[in-house]
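Here the structure comes first, spelled out in structure tokens, and everything after it is commentary.
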């Protein structure tokens, strides 16, 4: 008997063969005595009846045992946003290219799910960010992110001038293309491309990585996750943005402050129990291994 009885399925319909794979997966799960829930738009695209698949309402969302993100890392991050802070284990299945968060390949779907349904899997508890935008003393918005919060410029090729504070202590003034605040999970995302270090995912830290800083001495820094990070915008011109996980964000103005702290909730990432972080790095980054 399946231990995972109620399973949600989030599908990136833009991925090649995603509809075919999702239909096959849904019927396979139903044959295993699981109830399968979909967002309404996915259910319609799959052409399933309500007896075959059920609509994933907010009420049903809280009762799920597992949610499967079928696509790539962007789909995984969309699923994190979709959960709205509800801590449900997420299994990422990679239909794309790299896939740090979506570890399971198309070829591994059914062998691994057989084990998952028997309770043979591991769960990583990944910290998240909370990014709060303050303007004229008012809280304009709050965003949550698994990977990163990024302050960047728009189409104008002008450097951003901003100040960085840690726990109310002034650190430095930057002139750069932007700045990335990331979790250990996000250290292998945009921050890595900007020259940041790879952080072991279980560490309770946050990282600040400037994007193309005008000074060579401005380097990435790592702080404990219980320290508040504050970025104050000094630039006078518009066309600046805060983006969280590439999923949502806000246009920024001069004198805006972005306060970034560790979020109260975590993301639960399901993966094969014997697959190590270093094995993932070797596979995804094509690192040479000792023969």
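Sorted from largest to smallest, which semi-axis lengths in Å does the alpha carbon gyration tensor of the chain give for its equivalent ellipsoid, taking the root of 5 times each eigenvalue?
37, 21, 17
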Sites residue 54 and residue 202 - FRET efficiency at Förster radius 35 Å, r taken between beta-carbons, to 0.05: 0.50
Reported to two decimal places, what Rg/Rh ratio describes segment 128-264 when computed on Cα atoms with Rh from the Kirkwood expression? 0.92
Counting only C-alpha contacts under 8 Å and six or more residues apart, can you give the relative contact order of segment 128-264 as a whole percent? 31
At R0 = 35 Å, FRET efficiency that the Cβ-Cβ distance of residue 41 and residue 217 yields, to 0.05: 0.10
Given a Förster distance of 30 Å, the FRET efficiency implied by the Cβ-Cβ spacing of residue 81 and residue 172, rounded to the nearest 0.05, works out to 0.40
Hey, quick one: spin label on residue 110, modelled 7 Å out along Cα-Cβ, who in segment 250-280 has an amide N within reach, i.e. under 19 Å? none
From the C-alpha coordinates alone, can you work out the Kirkwood hydrodynamic radius of segment 1-130, in Å? 14.7
Sorting check: for 242-250, 16-24, 271-279, which peptide has the highest mean count of neighbouring beta carbons within 10 Å, and how do the rest follow? 242-250, 16-24, 271-279
Mean Cβ count within 10 Å, highest first, over the residues of peptides 70-82, 188-200: 70-82, 188-200
Cβ-based exposure ranking for 63, 6, in which fewest neighbours within 10 Å come first: 63, 6
For the chain, longest principal axis from Cα atoms; helix 73-83 axis from its Cα atoms; angle between them, nearest 10 degrees, is 90
For segment 177-226 and segment 239-280, what is the centre-to-centre distance using only Cα atoms, to the nearest Å? 12
By average Cβ neighbour count within 10 Å, what is the ranking of 212-218, 139-145 from highest down? 139-145, 212-218
Once normalised by the length of the chain, the mean sequence separation of its alpha carbon contacts under 8 Å that are 6 or more apart gives a contact order in percent of 18
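Read-outs: derived from the displayed coordinates by stated rules, not from any lab. As the structure is a prediction and not an experimental result, all values here were calculated from the model. Every residue, glycine as well, gets a Cβ built from its backbone with ideal geometry; the counts of neighbours run over all protein chains shown.
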